[in-house]
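Visitor: Supplied in structure tokens, the structure appears directly below.
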Amino acid sequence: MRKYRFFPAAALAAILPFTASPALSADRSLTVYTYESFIADWGPGPKIEAAFEAECGCDLKWVGIADGVALLNRLKLEGEKAEAGIVLGLDTNLVAEAKATGLFEAHGLDTGAVSVPGNFSDEVFIPYDYGHFAVVYDSEAISTPPASLKELVEGDPEQKIVIQDPRTSTPGLGLLLWMKSVYGDDAAQAWEKLSGRVLTVTPGWSEAYGLFTSGEAPMVLSYTTSPAYHMVAEDTERYQAAEFSEGHYLQIEVAGLLANAPEKDLARQFLSFMMTPGFQNEIPTNNWMMPAAPVTMDLPQAFATLVSPERTFLYSPEEVAENRAAWIDEWLGAMSR
């Protein structure tokens, strides 16, 4: 996931008389719906666009939508009128609900190159990256960060955290599921306690992280990989992820093919490209997540210093689809008390 700052030219082949080269034509185009930070100037989108266009001879068009849950909400509103061929930026917590829309179809591709924790595999959605959610804190503002979800919930209400809305944000939904994984039937009481520490709830990740780095709050819900950005791009270890004794919730981000895709062959070509180093090399140091398929680059040393959770939580897509609405209602009720 994430935004942290707030073509190659192909050689022309000789053209034979009375022939046209499809590879050199940009008449074909592919529209991809994704979240906004993916296609920011400093995100992976521009580099991936250049690499794929050099391979396909097509025009790759991005449409940015605030965050992953908002992306699914837009698809539900547009239905079969959606202009995209590919949707990139949902996660496994949303795939059952996305399939239920009837808007996606099986990709029909070999996904043997993909490897993610838990070995998630699906006939419709293909993982492209993954990461664990974490509370990221400012070490200049907090000397002893929470060491568990319990310590976060019951800690000093003067030390604030910014979180995201589970109705619009995949990180916000991830925290909701993390709390449910640890607290179960007592989640509502835990949310009520935590609400005193919440500075604000933002629609998406970018807004929350911007408030955090501008000093509005000393903690934010983000990822175990977030500190790598600051170490690599800013040469600072100021921002760190707190390791929680109960474990951390996993996010696996996915992409899928829309049944009404105008250029299905081109859309499948993009999904195949997504599993190659041309795409995957851009994930670690531009999306600041872990790649889901092999890369041909060495990860910066900063990645070796990151929190590596001993225990991982992850509900099945079916469990999330069955319970998401009720658990969000529970969250809304607890946070409003």
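The values are calculated or read from the model by the stated rules, or taken from the named source; none is laboratory data. These numbers were taken from a predicted model, which means no experiment stands behind them. For neighbour counting, all protein chains shown are included, and Cβ atoms are generated from backbone atoms with ideal geometry for every residue, glycine included. Remember, those area values only see protein heavy atoms, side chains included, never the ligands or the DNA or RNA. Shrake-Rupley method; radii C 1.70, N 1.55, O 1.52, S 1.80 Å.
Visitor: Go through the range 268-322 and report how many residues are farther than 22 Å from Phe38 by Cα and in contact with an Asp or Glu (Cβ under 9 Å, 6 or more places away or on another chain).
Guide: Number of matching residues: 10.
Visitor: Looking only at the range 158-183, which residues are open to solvent by 10 Å² or more (accessible area, probe 1.4 Å) and more than 12 Å from Leu221 (Cα to Cα)?
Guide: Glu158, Gln159, Arg167, Thr168, Lys180, Ser181, Val182, Tyr183
Visitor: Moving to a separate point now. Among the numbered criteria (1) among the aromatic types (Phe, Trp, Tyr); (2) assigned to a helix (DSSP H, G or I); (3) within 30 Å of Met219 (Cα to Cα), which single criterion is violated by Phe52?
Guide: (3)
Visitor: Right, here's the next one. Take Gly155 and decide whether it is more than 21 Å from the chain's Cα centre (by Cα), among the small types (Gly, Ala, Ser) and buried (at least 17 other Cβ atoms within 10 Å of the Cβ). Reasoning before the result, please.
Guide: Details: more than 21 Å from the chain's Cα centre (by Cα): yes; among the small types (Gly, Ala, Ser): yes; buried (at least 17 other Cβ atoms within 10 Å of the Cβ): yes.
Answer is yes for this residue.
Visitor: Among (1) touching a helix residue (DSSP H, G or I) at 6+ places or on another chain (Cβ under 7 Å); (2) modelled with pLDDT of 95 or more; (3) open to solvent by 20 Å² or more (accessible area, probe 1.4 Å), which single condition is Arg337 missing?
Guide: Among (1) touching a helix residue (DSSP H, G or I) at 6+ places or on another chain (Cβ under 7 Å); (2) modelled with pLDDT of 95 or more; (3) open to solvent by 20 Å² or more (accessible area, probe 1.4 Å), the lone unmet condition for Arg337 is (2).
Visitor: If you don't mind, another one. I need a count of the residues in the range 252-268 that are buried (at least 18 other Cβ atoms within 10 Å of the Cβ) and over 18 Å from the mean Cα position of the chain (by Cα). Even if it seems obvious, please write down each step before you answer.
Guide: Filtering the range 252-268 down to residues buried (at least 18 other Cβ atoms within 10 Å of the Cβ) leaves 252-258, 261, 266-267.
Narrowing further to those that are over 18 Å from the mean Cα position of the chain (by Cα): 258, 261, 266-267.
Number of matching residues: 4.
Visitor: While we're on this one: Would you pick out the residues in the range 70-109 that are buried (at least 22 other Cβ atoms within 10 Å of the Cβ) and among the small types (Gly, Ala, Ser)?
Guide: Passing the criteria: Ala84, Gly85, Gly89, Ala98.
Visitor: Given Thr296, Thr312, which one is under 27 Å from Gly45 (Cβ atoms) and of a type in the set (Val, Ile, Thr)? Quick ask: steps written out before the conclusion?
Guide: Values: Thr312 fails: under 27 Å from Gly45 (Cβ atoms).
The conditions single out Thr296.
Visitor: So Val320 passes all but one of these: (1) surrounded by fewer than 21 Cβ atoms within 10 Å (Cβ to Cβ); (2) over 25 Å from Ala113 (Cα atoms). Which condition number does it fail?
Guide: (1)
Visitor: Here's a follow-up. So which residues in the range 184-201 are open to solvent by less than 10 Å² (accessible area, probe 1.4 Å) and either in contact with a strand residue (DSSP E or B) (Cβ under 6 Å, 6 or more places away or on another chain) or assigned to a strand (DSSP E or B) (or both), if there are any at all? It would help to see each step written out before you state the result.
Guide: If we filter the range 184-201 for residues that are open to solvent by less than 10 Å² (accessible area, probe 1.4 Å), which is where we start, we get 187, 190-191, 194, 197.
Arg197, the sole residue that qualifies.
Visitor: May I pose another question? Any chance the range 276-287 includes a residue that's surrounded by fewer than 18 Cβ atoms within 10 Å (Cβ to Cβ), over 20 Å from the mean Cα position of the chain (by Cα) and at negative phi?
Guide: Within the range 276-287, not a single residue is surrounded by fewer than 18 Cβ atoms within 10 Å (Cβ to Cβ), over 20 Å from the mean Cα position of the chain (by Cα) and at negative phi.
Visitor: Please name all residue pairs, on different chains or six or more residues apart, with Cβ atoms under 7 Å, provided the first residue is in the range 97-110 and is within 14 Å of Ala321 (Cβ to Cβ) and the second residue is charged (D, E, K, R) and surrounded by fewer than 19 Cβ atoms within 10 Å (Cβ to Cβ).
Guide: Matching pairs, first to second residue: Thr101/Lys76.
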